[in-house]
Ligand SMILES: [Fe+2]
Ligand SMILES: [Fe+2]
C-alpha cells in the first residue's frame, strides 16, 4: 500500500497553517487531474501531501538535509536554498516513508520542473499551481487550460513563472529552462494559433 490512512494522518500532522490547507488542496487537484489524464489517483494524492513537507525549514536546515541525503546543490540552489524543498521532501519521502521512485521524482521536481517530465510529475506541478486556495493573476487561465490539455496548461505555468522571475530580477533554475525548452521542442503552445 502506498499510503494508508494512518500514514496520511502522520504526514498531514507535520504541516501547519496555510501549508496544511494548501497541501490538501493540491491533493484534491492532483487526484482530479490523475482521473482526468489516466494516472493513478492514489499515487498523485500521495505525492501531493508529501510535496511541501520540508518547505517550513530554514535555508540552513535545507542545506543540512542535503548533506544528510547526499544532494549536491547547484549554484542557484546554493543562493536560494528554499528552492531545495522539493529535493529534500523527496529524500524524506524515500527515507522515512519508503515511497517508490516515481513519486519521489515528482516531488523532487515540483518547484522547478525538469526535462522529460512524466505524467505524474506534470500532475503534481500543475496541481500545486492551480489548487483551489491559489489566487493570483493567471491562475484561472491555468485552470481553464488544465480542463483540456495538461501540456498546454503546464507550458502556461512555465511562461508565467519565467515572466515573474525575470520581472522580479530573480534567479532561474536550469531545470525550469530545460522544462520550458522540452515543451517548446515538442511543438506545444498554449495560445490559440
Ligand atoms: Fe513547493
Ligand atoms: Fe506547494
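The values are calculated or read from the model by the stated rules, or taken from the named source; none is laboratory data. Values in this document were obtained by computation on a predicted structure and should not be read as measured data. With ideal geometry, Cβ positions are generated from the backbone for all residues, glycine too; neighbour counts draw on all protein chains shown.
The number of residues in segment 77-93 that are more than 13 Å from ligand 2 (Cβ to nearest atom), surrounded by fewer than 18 Cβ atoms within 10 Å (Cβ to Cβ) and in contact (Cβ under 8 Å) with a residue 24 or more places away in the chain comes to 2. Can you pull out every residue in segment 16-43 that is under 16 Å from the mean Cα position of the chain (by Cα) and within 14 Å of ligand 2 (Cβ to nearest atom)? Selection gives 19, 20, 21, 22, 23, 24, 25, 26, 27, 28, 29, 30. Is it true that residue 122 is within 18 Å of residue 39 (Cα to Cα) and either more than 16 Å from ligand 2 (Cβ to nearest atom) or out of contact with any helix residue (DSSP H, G or I) (no Cβ under 8 Å at 6 or more places or on another chain) (or both)? No, not satisfied. Filtering 131, 144, 164 for residues that are modelled with pLDDT of 95 or more and closer than 20 Å to residue 41 by Cα leaves a single hit, 131. Filtering segment 171-193 to residues that are touching a helix residue (DSSP H, G or I) at 6+ places or on another chain (Cβ under 8 Å) and not in a helix (DSSP H, G or I) leaves 171, 172, 173, 186, 188, 189, 190. The residue of segment 131-157 that is nearest to residue 106 (Cα to Cα), among those that are crowded, with 22+ Cβ neighbours inside 10 Å and within 16 Å of ligand 1 (Cβ to nearest atom), is 154. Taking first residues from segment 47-64 that are farther than 12 Å from residue 107 by Cα and partners that are away from ligand 2 (no atom under 11 Å from the Cβ), the Cβ contacts under 6 Å between residues at least 6 apart in sequence or on separate chains come to 59/81; 62/81; 62/84; 62/88; 63/81.
Within segment 115-135, residues that are in contact (Cβ under 8 Å) with a residue 60 or more places away in the chain reach partners that are surrounded by 22 or more Cβ atoms within 10 Å (Cβ to Cβ) and outside any helix (DSSP H, G or I) with beta carbons closer than 8 Å, at six or more positions or on different chains, in the pairs 117/109; 119/39; 120/39; 123/39; 124/51; 124/110; 128/51; 128/110.
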